[in-house]
Every structure is written in structure tokens, then in C-alpha cells.
């Protein structure tokens, strides 16, 4: 516990310039690939031309019917595929022309903004020195859930990004043999971890729902930009408005991403090609958006805010941190604060006794 | 370089499914995988028309554009092939393909589809040796100077395969004859050579 | 024709399979009851298992030396050539025969999957017998011995007629001939094959009109037609490669394609004109056309005057068929009738093509003769591009018919009279008296069994079930040999099951177990003997156009199967007449030499000219496919220069005589020596004082420039041509005629004078030996049009016909239309053949048609409350019921439903899959359409009625 507590911020501060350098060099490269991809799309596939060449004897009416997919039979026994899949072309265009570049822009833009923000504004420091008294903020179960979900999210994001962009970078970089296992690994992980992520996300959302109902003070919090605008720290309960927004994003877009993912992940329920195309588009937009926002969440929870990671790592936050960021919650739980030194010795005892500090989300208050 | 294409003369296709089983014969795809299929519109109505379809080996192939693993490539003959070692069975090529060409041996949970399979224009695919190629992709008739078996075996010579220009010329010739009541054929005379060209429609050049 | 429309459909209960479009064949078989599983099983376990299974099933890759065999597709009578490539005994590849004169490398679904014959795992693998409901494996020795003793026992007890030797149209010519000879030596005429239920009415009708009962021209010659009328024929599904020629005619000579059919078939989809006819009204339709033809003087008067007898009587009959009456009977309005007649009249030469839709009727012989009369009136006979082009069904149904594998004739249509027996006894080098002793010597209602028509394949059921007193032989049938026969292609399923149970022994000889092995409901007394396919043996096969083609052996017999002629040898040996059967045929080990059998029938088949096609000539043709013209079938140069491909019969004289074969029958524009011909003088020379011989018409260069009777030794003497025979020929020919002169001298001399050996007569419209000398429209036995029964009743019941009482009027009299208001007809699917047991056991084909169905018009479907894809009960008018899927389609008219007849393995809603010997059930099973079909037999040939009966449909 201690070691984590001490080394994490250190590591991060050390890695910062290295990370930046990578981002700086990678972004233009990625943009270049996007541009290449776009120019490729610009030549435009033309299934009409292909089939006109392939079935020249067809007249205009037949044509229209072929495209509409009405009234046909197929030598494939269970086929639901009409002769022409007009939406395939649309899907391709949306995916390659819009989603791929704009996803990259969103994620790259978010990284750039965070970097800029960090360079200009820097870390949100504790205003008061640490009191040394700790308050239990995240139970072990909640932390486990959070880190599971977080790990899965990151894995899914990385594998997902690899599925979308990897071929431009890693295939030429590492060669076919490595790329083959890399990409099939990505797909396997993505497909098998996705449903697990979905289950855990639903659980965590249910557990944290109690904290995240919007309250009056949240508007004030937002108005003050979480304390960055104007003077004084805005009021916040257990969860501040920023966290609530993240929660509700996950509760809405996240669920949509999971649902659309499941549509693609379980093609054995006879959903049509069209359904899966739409699922893919929704999934990609949602996932790329969430990934971009997640970068913000990660930043705020680690580099951006002194003392925040500590809470999710150990479960306890310093009184000063609680007072500064979640003053309303602090008022509720301040008498449960314990001495940091004593906590070390009686950790197991405290944990078992105070499993759910403050307003217990699992119990009625 | 030749640009290989298929062409189906809908005026002649009688939905006998010969092309479908010819493909099975050449490539031995498993139950459920029909690299070539016959689609019939308005079945049983006066406007009934049948068309044999497989991979069209598109000039700008959508499958190629959307493949996350970049497993597709185009041969010098314009044939779109794919590397089954790279394929992860994600199904994107199936979403994108205008013609329903890509098929998967399964449609399992967790997106387990197996390796995508599609028409290779009987040109096999990337492999280290002919045996591996045959086991993975089926026949490589192109290497032997032959054309895809589906077109070679078409019962009415409706399905043509070969260089795009050549097959377009054959088709144009047919259209000319069809358009001339009592006309064009007699002009050619009954010389066996003229008749034979018309009949065989040279799916394979001698 | 696929059932699946857009939405995917649930699987039939008999064949549940896992969700999703792609599952491997192995999985498909193994998964069985796991339907609906899906989630983890498929996803997690599927891939690796399937890979292994697939790898094991693929034809192994080989770099061994390739042997290329030339064979012929065995799935229909078109006779498509195939290059089979064999490596180390395995059929590894199939290459298109671009140089083959029939198909130019083209194939339908069946032909294109021919190679799977060399790989099917669903075969019957070794001899078996049913003991207490379980299949037990036997050795060949045990099987032959047990079956043989039983046959001897039954022969002893009940006479030789108690055993039925049901042969096959899938035999080679040699095997078919041998089978007929086998039955003869076994002492019975109770032998037959599928021609009976295929084109027997054609053979009878056409042969009785102008001499030979076969397709007059060739598929290739269709290219020269200016109009082609298909009536009851659907080549797009039944003979797809024929469509190559038909579409060429359409494109090249702008031929008008007319399809007359109750269904809008796939052929109709390619036609210029489609005429929807009420099932069973063909004669009225043809008379309706002739009404307009006569009315507008479109008939060919010169042709009729020179070459047709009895057209005036037709004219009188046709006068009764005014446009309104025709519309009343057929449902076709006057303007359509007129335009159809006009198209036929104005686009000559034209031909008529018919198949089962015309033949499989109680009135089949009337239908086929009516078609012939139409062509005679139009003068379309004996010209390239004309004729009656009858597409035969099985690959060798023409050959098996020619070689007499029928209950009413010895090989070559010689009949069963004493003269015929003496002729063949001489060819076989057997003592006629000994042969006669083999038969039951008692005289019955039909005469002596040796000389009376045997029971037909269509009626074996009644042959078993009929009382001994009503049957024209000693007892009813006690044992059946199903030697290459699909019982589900026969009508009256439930009664057939009863008959099977009444038998003392069933023996099934087939590459596949067939439906006969599973539908009987017996627990004992059934034997299965695995036969080899035609790719595991060799020999000749006659295509629909009468061309004989030689097949190579592609692979060795699979599993423990044996070629049919080997099994015949073993059986004959056990029954004690092998020595006589193979007197002039070399037997190597257990295998009779095929070439010797060919040579033997060459020596006897003078009537139809199967005499010139020696194995050597046929092999030369086989090796030189490329030299024959795709348009005329004539070899241009090469070793067979001038020959027509396959020496289409009649190929006159001995092989040394080198006749080129006759590609278009009755074509007087060619000399007989080059394939020209006149109409055959088969029916005498005059009738009621009117000459039956041709009048001023003769074949090119003929020395006799008018009609003449068939050639006999005496006629040669009268003509002063006798001395043109060699001394040897003279001694053989004296007292003989062109059919019985084993030296061939009479034929040789006749042809030397460019005369047709069989004479030069008129074709006859009046077949005075038939129940209806001039074809008449008669309502089907089960008709929905009770208002027409009175005007067009069927015949009276017949006490004995082909040894059995045959009912007509007593069936028609019963009005069942209230319970059974819908007309039921049946037909083909392109993927399957016949009873379908073989093709449904081929995964590449079975995959394409996985469900049995019934086609129902949308309006009828609404009337009876059935939706597309729903399961329904189709109940035939005699109570046979099938549970099938409804396919709602405008392909059929409102009052007509259609079922394909290739399915089997389900019986009245019950799956018989468990009754197949392990591992030999076909990939696809389904209800047999014929479970629901009913009684009805042609008045001349006992053809079964499958195309027009009544049924009711209820949601299941």
C-alpha cells in the first residue's frame, strides 16, 4: 500500500516529458495515415459500376429491385442477403471517411488539450496541508470494481483502437507475422472482455447510482468550472458534478456502446448485416467519444488532482482533500476520520468495521 | 495486364446452380459456405430473373478498405485475394461487401466466425506450398492457365469469366445477335468457326 | 425454387441444425438435437473442432500422376461428357469437357458435383440383412447364398413369376441387357425399370405413330429450330444443359420458345410465351391448336398426303374442339390458342418437347400421340430443327428401354411372341425349348406367362396385394428385387408400405440404401446389397438423342460394393444358370466382360439398329469427342470421319458396315447410308383398302421411289437383289427379314440401294390397336371438373392388363371433390434426381435443397389460411398424407399445388432416419410427394398418374 502511495506520483512526473514526446511525434504520423485513408476513400468504390459490368443484361427496373432487396430467393439456404447490399457502401463511407479521422481527431485533440492544460495550469494542488487524518472514501470492493472496469476499459480502448487504426501503424512496423498475432489477440480480447466489461460496468453503475443523482449544488459547481472559475471552491457532495457527468455518460453512452458491441459480438442470433453495420457505427462513435472523455477522467484522477489517485488506490483520502473537493460529503463523514498512523496498524480491523463509510450506497440512509 | 472479372448474362442464367456446385467441386468449401450463389428475383413471376453472384473482384474493393487486419490484396490480374493467416473473422468485409461475398464457417458467440472465405477466382491464396494453398483456399486454376470452374461449367454459358474486355466483347456480340430479328446470325453464315465461337463463348482461351 | 425467402426459417424437425448460416457438414450431422444451442458451444468450441473435421473430409492433396478418364454424367439423359482426373485411385478433380459435342463442358448442379460420387460417405457399405429390426452385416457369400436359396425356394413353391426383378435405368446398356436376359433365364417377364413410369407412354405412342419410340432429333439439332414448344417439360430444372442449345436457338435463329405447363417453370421464365394449362387437358389443348391450324389452312398438305395416314379422322375429332370448348376444358382463351397455333405455323421447322408432364397420365398414350399428330400436321417431321424431342429422364433410360428391360418385350422391342424368343434364343445360342421350360407352363387370362406381358414396375404393389385369383399368373408376388430403384418415385405410398409388409423377401441392390430399405416397417426379410455406381464400372450408355457413349471406369468400387453385372453373375451362379447366361460372354473372376455383352446385343438388336455400335467404334468416338460438330454432331475428319456422335440408333448393319448412325429420324433429305430415313412400315401395308405405305416420298437416292414394306428375304428375291448377298449371308438370311437376319445381309443390301430396311410407310394418326385409335380427351380419374366427366369420361375398368385388373371408371365415378378440391401435381428440382436418395446423399447438392415443400398460390394460401413457410398437411385423395412446408408462390395457379418428388425418408409425418443402416442416411430427408398421390394407370402401358390428382391442404 505504502509503496504505491509513494511511487505513483513520482513515476508520473518522471514520465511526463517522455509521454509528451511520443504524443508529439505520433500525432502528425497518425494524421498522415488518416489523410491517406481519406484520399483512398476519395476514389470511391462503385458497386453499381461493378455489378453493371458483372450483370450487364439487367434492366433499370430489375436494378431498382435488386437494390431494394425485395422478393428474392437465394441458393444459400438461410441467406438473408439480397444481391446488393447498398448500406454496405454507406457503412464503409461513414466508417472510413468520418469515424476513423474524427475519432483520431477527438482522441488526439483531447490528449493535446490535456497536455496544454497541464503545461499551462498544472496540477490542482491541495490548498491546505495534509492533516494526516484519513477518511475512508472507497471500499475495497468498490476499488476492485473500479480498477477492474478501468483496466478493462483501457484494454478495450487499446484493442479497439488497434482494430481501427493498427493496420496503418503496426502492420508496416512489425511485419505480418507479429501483426497477425497482435491483431487476432486484439480481436479476441476485445470480443471476450467486452461482455465482461459490460457486466461489471452495470454493477458499478448500480452501486454508484446513489451518489450520482443530480443535486442543486451541481449547477453551481459546473458554473464555477469545478473551482477553476471565480473564487472559492464550489460545494460538492460525495460526487461532484464532473464525476456525475462521467457517471451519466457511462450510464448512457457506455451502455449504448456495450449494447451495440453485443449486437456485433453475438452474430448467432440472426441479426442482419444492416443491423450490425449500424451497431458498428454507434459502437465506434460511442467508444471513441468515451475514450476521449476517459482521457480527461484519467488525467483529473491522476496527474490533474493532488490526492485523488490516493483515494482510489488506498480507499482513504486526506481530510484536507475531502474538505477541498467534496465539502458537503466531508461534513457528513468528518467524525469518521481516523489517524493515518493508526490506520496503518489497524487497517484490517478498520476496513471490516467501516466497510461503507458515509452514506452507504448499498444501504438505505 | 488482364483485369479478371465475372459476368453473368441474366438472359441465359436458368438458376441451375451448376456454378454453385462447380465451386464446391473445385474448392471443397464446407457445408454452408457457397462462394458463389444464385439469386432469383420475382421467383415464379413473369419477371423472374436469376443472377449468379460471387466476389466481383472489385476495382476498389470495399472489403479491402475496411479490413482491420489489411489481409486483402489484389493480384496483377485484378483478383482480390485474402490471407487467411491474417484474417481474424471480424466480419467487417461482410458488412462492407455490396455482394454478400464473404462468408464465415460459423456465426458463433463472441464473434467467433472462423476465417473468412470467399471466391478466389480459383486463384488460391497466399501459402508456402501448393498443398497448404489447396487446403486453405481451394484450387488454383489460374496458375494452370484455367479459369474458375463455375464459369467453365456454366450450363448455358451464362456465367463468363476472364479478362474484363474479352468478356464484355463476347457479351456485346450476343446483344447484337439478340437484337436482330433474323439478322445478324445469318450474316455470319453457318461457318462452323463462327457458330462455335458463339456457342462456347470462350470462357477459356485455347 | 428454394423455400427460404428473405427471413431465415426454422429447420424441419427431422433435421435440426444449429443457428447461423455456416456450419460444417460434419457438425450438421453430429449436432442433431443441439438445435438452438449457440452461445458458448458454437463460439468457444466450434472453430478448432471444425477445422479438423473439415481437413479430414477434404479430398487429399496429391502431386501423384494424374490419370484422366472420360466418363458421362449419370444424372440425366443429356449425356454430358466429363473429364475425371484420378490420382492414386482417388477422384481428385473434375474438368469440364469443352470438346464434348453435347455439353461443351457445361453442367448443371448435379453434373458439376459429379466428383462427389467418388467421396460420398453415405453409401451402403456392405451387404446387410434386417434381423429383428436391426441391420446385420453379411459377407457377400452369405448374402448371395441366403438370397439365392430363398429365390429357389419361392420359385419351387410359387413358380418363377412370384419373384420380381426390378431393374434400373441407371444400368449401363450392358447391364440392362444382361438383367433382361437374366430375368428371361430365371423364367419370368416380371422385370421392368423406370422407363415404365417415365416415358413408356411416349415409347408406345410415338413408336405406334411412326415406328420408333424415341426422340427424333437431338439436343444439338434444337439449335436449328425456329419454334420450340415445351409441354410438360421443364429443361431448366430437369435437363439444364439442354437449355444451352435451346437458348442458342433463341438467340441465333430467334426461335420462338413456348412453354405450356400448369406451372410457370424456370423454363417458362426464359420463354417468349407461356401458356398455363389445366393439368390433364393436353389432348384438348393440342386439338385446340389443330382447330386453328386447320381453320387457317396452316397444315402441310403435301407432307400429309405423302407421309401421313388418318389425318382426316383427326380432322373430324378436332372439329369438336372449338375455341370455346377448348377454353372450357383447358382454361386457355381463344386468342392465346390462336396466337400459339400461329407461332407454330409461321416458325417452321419447329419441334415439340415433352417430358413427364405429358406422359405420366392415365391418358398418357393419347397425349403423346396428339403431340406427334400436331407435328405431322405441321410437316415438322424428318427435318432438322423439327420433330418430337422427347427428353428422357435417367441417364440410360433410353438404353435400358431399347435393351428390353421391360415386362412387355425382349431386347430391341421384339416383343414376347414365340418368334421373338426364338430370335433371342438364337442370339444367345440357347435351346429355345430349354428356355421355354424355364417358364410356368400354365395358361392364364393373359396367356402363357412366357408370352404375356409381365407385371409393370408401376403395379408391383398390386402384384403383391392382388388376390391370386384375379392375377394372370400362378400367385401374387412373393419377393421383390429393387435393383437400382427409388420406390418413392412411385405413387400410392401407404399401399406400397402394405405391399412391402406382405412380401416374403425384399432385396435392395443399390449404391445407397434407398427409401425401400426404410419405409417397409418390417423387422425381417430385407436384404441390402451394395452396388457400385457407373463411375466404378464401365460400359455404354444411351443418351436421350439415341447416341451411345462409352464410359471409362473412374475409380474402383467403393467400400464392398460390386458392379451390377458382377452381382448378376454371382446371383445367376447361385441360381444355377450362369453357364447359359454367360455362354458367349467371357467371365474374368466374377466379372463378365462388358465388351462381350456389347457384342452380344450388337448381334441381336437389328430392329432398332443397335448392331453397328461395337465397343471399338464407341471407344473411338469417346476418344475423339473434339472431332464431332457441336451443331450437327457429325465428325469432321479424324478416325470417326462422317459418323454422327455416338452412332445414334438406328446404326444399321454390322459394325464393319460402318453406318454413321441416324441423328435425325425419318429425314428423307439424306440417303439412308448417311443417316436418312423414312417412316417405318410397321403396321402392315394397307388397312381397309387404304395403303399405309408412303405416297411419292422416299429418302434421297433411294432405288425404290415410292412407299415399300419392310425388307425380307423374299422381297430381296422379288426385287432381284438377292444375289447381292454373299453366300454366307444368303444362308443366314433365307426365310428371315431385316429384323431376324443375324448376318445383317438384308439390311446391307437394302441400304446399298439407299432403302430403309424397315420399309417406307406413312406415319399413322389412327392407332387402331389402342383403346382410343384417335387420341381423345378424357378427364383424369381424380378430376376437380365433375362437369366434364360426363362429356369426357374415362374408360371402363379392365379385367386384366399386364396381368392385373385395372380400374378406370369405378374410380372416376366417385366424386371426392368436396373433401379434395385442389389439384396436385409434381415435378423436378434441379439439384436432385429421381427418388433423390443418391443426390440427397451428396452434401454439395443436399445443401442447396434442404426442405421438402409444396407450392401454393397466394390466393389459395389465403383461402386455406396458410402462410409462407408454415407446415401443412397435404392429403391425397386416397388418404396418404405428407407434412411439408408451404411455399407460397404465384408459380402455380390458384387451384393447383405442386410438390417435388425427390424427397424421402419421412413417412406421413414420421422420420425414418433411424431406420437407415448406421451412417448411410442421406443428408436431407423429407416427405415423399408420392405418399399422397393416387391410383391411375395408362390404358396402354400402365404408366402411373402423378401429374394430376386431387388433394386437400390443412395447416399442420
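Is there a residue being touching a residue at least 60 places away in the same chain (Cβ under 8 Å), out of contact with any helix residue (DSSP H, G or I) (no Cβ under 9 Å at 6 or more places or on another chain) and not in a strand (DSSP E or B) anywhere in region C:132-141?
Yes, there is a match, as at least one residue in region C:132-141 is touching a residue at least 60 places away in the same chain (Cβ under 8 Å), out of contact with any helix residue (DSSP H, G or I) (no Cβ under 9 Å at 6 or more places or on another chain) and not in a strand (DSSP E or B).
Show me the helices (runs of 4 or more DSSP H) found entirely inside region C:654-760 where at least 2 residues are touching a residue at least 60 places away in the same chain (Cβ under 8 Å).
In region C:654-760, C:745-752 are the helices (runs of 4 or more DSSP H) which contain 2 or more residues that are touching a residue at least 60 places away in the same chain (Cβ under 8 Å).
I'd like the full set of residues that are more than 7 Å from every other protein chain (Cβ to nearest Cβ), touching a residue at least 60 places away in the same chain (Cβ under 8 Å) and either at positive phi or in contact with a helix residue (DSSP H, G or I) (Cβ under 7 Å, 6 or more places away or on another chain) (or both), limited to region C:229-248.
Within region C:229-248, C:229, C:231, C:232, C:233, C:235, C:242 qualify.
Taking into account only those residues within region A:64-88 that are in a helix (DSSP H, G or I) and in contact with a helix residue (DSSP H, G or I) (Cβ under 6 Å, 6 or more places away or on another chain), which is surrounded by the most Cβ atoms within 10 Å (Cβ to Cβ)?
Across region A:64-88, the extreme among qualifying residues is A:88.
Are any of the residues in region A:214-232 touching a strand residue (DSSP E or B) at 6+ places or on another chain (Cβ under 9 Å), more than 14 Å from chain B (Cβ to nearest Cβ) and surrounded by fewer than 17 Cβ atoms within 10 Å (Cβ to Cβ)?
yes
Counting only residues that are more than 8 Å from chain A (Cβ to nearest Cβ) and in a loop (DSSP other than H, G, I, E, B), which one in region B:74-90 is surrounded by the most Cβ atoms within 10 Å (Cβ to Cβ)?
So, considering only residues that are more than 8 Å from chain A (Cβ to nearest Cβ) and in a loop (DSSP other than H, G, I, E, B), the one surrounded by the most Cβ atoms within 10 Å (Cβ to Cβ) is B:87.
Could you please tell me which pairs satisfy a Cβ distance under 6 Å, a separation of 6+ or placement on different chains, a first residue in region A:66-82 that is facing another protein chain (nearest Cβ under 7 Å), and a second residue that is assigned to a helix (DSSP H, G or I)?
Sorted first by the residue in region A:66-82, then by its partner, the pairs are A:75/B:20.
Out of all the residues in region C:527-560, which are surrounded by fewer than 24 Cβ atoms within 10 Å (Cβ to Cβ) and on the phi > 0 side of the Ramachandran plot?
C:559
Out of A:286, A:242, I need the residue that is more than 14 Å from chain B (Cβ to nearest Cβ), crowded, with 21+ Cβ neighbours inside 10 Å and part of a helix (DSSP H, G or I). Which one?
A:286
Count, please, the residues in region A:121-155 that happen to be in a helix (DSSP H, G or I) and farther than 26 Å from residue A:288 by Cα.
Total meeting the criteria: 2.
Only residues that are within 14 Å of residue C:490 (Cβ to Cβ) and in a loop (DSSP other than H, G, I, E, B): list them for region C:923-937, please.
Hits for region C:923-937 are C:928, C:932, C:933, C:934, C:935, C:936.
Condition first: under 19 Å from residue C:766 (Cα atoms) and crowded, with 22+ Cβ neighbours inside 10 Å. Now tell me which residues in region C:693-714 satisfy that.
C:694, C:707
Suppose we keep only residues that are out of contact with any strand residue (DSSP E or B) (no Cβ under 8 Å at 6 or more places or on another chain) and more than 17 Å from residue A:192 (Cα to Cα) within region B:102-120. Which one would you say is nearest to the other protein chains (Cβ to nearest Cβ)?
B:115
Check off (1) more than 21 Å from the chain's Cα centre (by Cα); (2) within 10 Å of chain B (Cβ to nearest Cβ); (3) in contact (Cβ under 8 Å) with a residue 12 or more places away in the chain for residue A:237 and give me the number that stays unchecked.
Residue A:237 satisfies all of (1) more than 21 Å from the chain's Cα centre (by Cα); (2) within 10 Å of chain B (Cβ to nearest Cβ); (3) in contact (Cβ under 8 Å) with a residue 12 or more places away in the chain except (2).
Hey, could you check region C:655-690 for residues that are surrounded by fewer than 19 Cβ atoms within 10 Å (Cβ to Cβ) and touching a helix residue (DSSP H, G or I) at 6+ places or on another chain (Cβ under 9 Å) and say which is nearest to residue C:622 (Cα to Cα)?
This residue is C:658.
Quick check on my filter: what residues within region B:10-32 are within 10 Å of chain C (Cβ to nearest Cβ) and at pLDDT below 90?
B:11, B:30, B:31, B:32 - these are the residues of region B:10-32 that are within 10 Å of chain C (Cβ to nearest Cβ) and at pLDDT below 90.
Going by the conditions given, is residue A:251 within 15 Å of the chain's Cα centre (by Cα), in contact (Cβ under 8 Å) with a residue 60 or more places away in the chain and more than 14 Å from chain B (Cβ to nearest Cβ)?
Taking the combined requirement at face value, the residue does not satisfy it.
Here are some residues: A:191, A:280, A:268. Which one is free of Cβ contacts under 8 Å to residues at least 12 places away in the same chain, in a helix (DSSP H, G or I), touching a helix residue (DSSP H, G or I) at 6+ places or on another chain (Cβ under 8 Å) and under 30 Å from residue B:68 (Cβ atoms)?
From the options A:191, A:280, A:268, the qualifying one is A:268.
Is one or more of the residues making up region A:288-307 within 30 Å of residue A:85 (Cα to Cα), in contact with a helix residue (DSSP H, G or I) (Cβ under 7 Å, 6 or more places away or on another chain) and in contact (Cβ under 8 Å) with a residue 24 or more places away in the chain?
Yes, there is a match, as at least one residue in region A:288-307 is within 30 Å of residue A:85 (Cα to Cα), in contact with a helix residue (DSSP H, G or I) (Cβ under 7 Å, 6 or more places away or on another chain) and in contact (Cβ under 8 Å) with a residue 24 or more places away in the chain.
Looking at region B:168-176, is at least one residue more than 30 Å from residue B:114 (Cβ to Cβ), at pLDDT below 80, at the interface with chain C (Cβ under 10 Å from one of its Cβ atoms) and surrounded by 16 or more Cβ atoms within 10 Å (Cβ to Cβ)?
no
Taking the stated definitions as given, is residue C:188 part of a helix (DSSP H, G or I), away from chain B (no Cβ under 13 Å) and crowded, with 24+ Cβ neighbours inside 10 Å?
It is false that residue C:188 is part of a helix (DSSP H, G or I), away from chain B (no Cβ under 13 Å) and crowded, with 24+ Cβ neighbours inside 10 Å.
Let me spell it out: the conditions are (1) surrounded by fewer than 24 Cβ atoms within 10 Å (Cβ to Cβ); (2) in contact with a helix residue (DSSP H, G or I) (Cβ under 8 Å, 6 or more places away or on another chain), and residue C:146 meets all of them except one. Which number is the exception?
Unmet for residue C:146, out of (1) surrounded by fewer than 24 Cβ atoms within 10 Å (Cβ to Cβ); (2) in contact with a helix residue (DSSP H, G or I) (Cβ under 8 Å, 6 or more places away or on another chain): (2).
Only one of C:59, C:121 is surrounded by fewer than 24 Cβ atoms within 10 Å (Cβ to Cβ), touching a residue at least 60 places away in the same chain (Cβ under 8 Å), within 12 Å of another protein chain (Cβ to nearest Cβ) and not in a strand (DSSP E or B). Can you tell me which?
Just a single option satisfies the conditions, and that option is C:59.
Within region C:204-306, considering only helices (runs of 4 or more DSSP H) that don't extend past its boundaries, which have at least 1 residues that are at pLDDT 95 or above and under 20 Å from residue C:324 (Cα atoms)?
C:282-295
Suppose we filter A:108, A:132, A:103 for residues that are within 14 Å of another protein chain (Cβ to nearest Cβ) and either at pLDDT below 95 or in contact with a helix residue (DSSP H, G or I) (Cβ under 9 Å, 6 or more places away or on another chain) (or both); which single one remains?
Selected residue: A:103, the only one of A:108, A:132, A:103 that is within 14 Å of another protein chain (Cβ to nearest Cβ) and either at pLDDT below 95 or in contact with a helix residue (DSSP H, G or I) (Cβ under 9 Å, 6 or more places away or on another chain) (or both).
Of the numbered conditions (1) within 11 Å of another protein chain (Cβ to nearest Cβ); (2) surrounded by fewer than 22 Cβ atoms within 10 Å (Cβ to Cβ); (3) modelled with pLDDT of 95 or more, residue C:48 fails exactly one; give the number of that condition.
If we test residue C:48 against (1) within 11 Å of another protein chain (Cβ to nearest Cβ); (2) surrounded by fewer than 22 Cβ atoms within 10 Å (Cβ to Cβ); (3) modelled with pLDDT of 95 or more, just (3) comes out false.
Tally time: how many residues in region B:121-146 are within 13 Å of chain A (Cβ to nearest Cβ) and in contact with a strand residue (DSSP E or B) (Cβ under 8 Å, 6 or more places away or on another chain)?
Final tally of qualifying residues: 2.
The values are calculated or read from the model by the stated rules, or taken from the named source; none is laboratory data. Quick caveat, the model's predicted, so the values are computed rather than measured. Because the Cβ atoms are built from the backbone with ideal geometry, glycine has one as well, and the counts that use them run over all protein chains shown.
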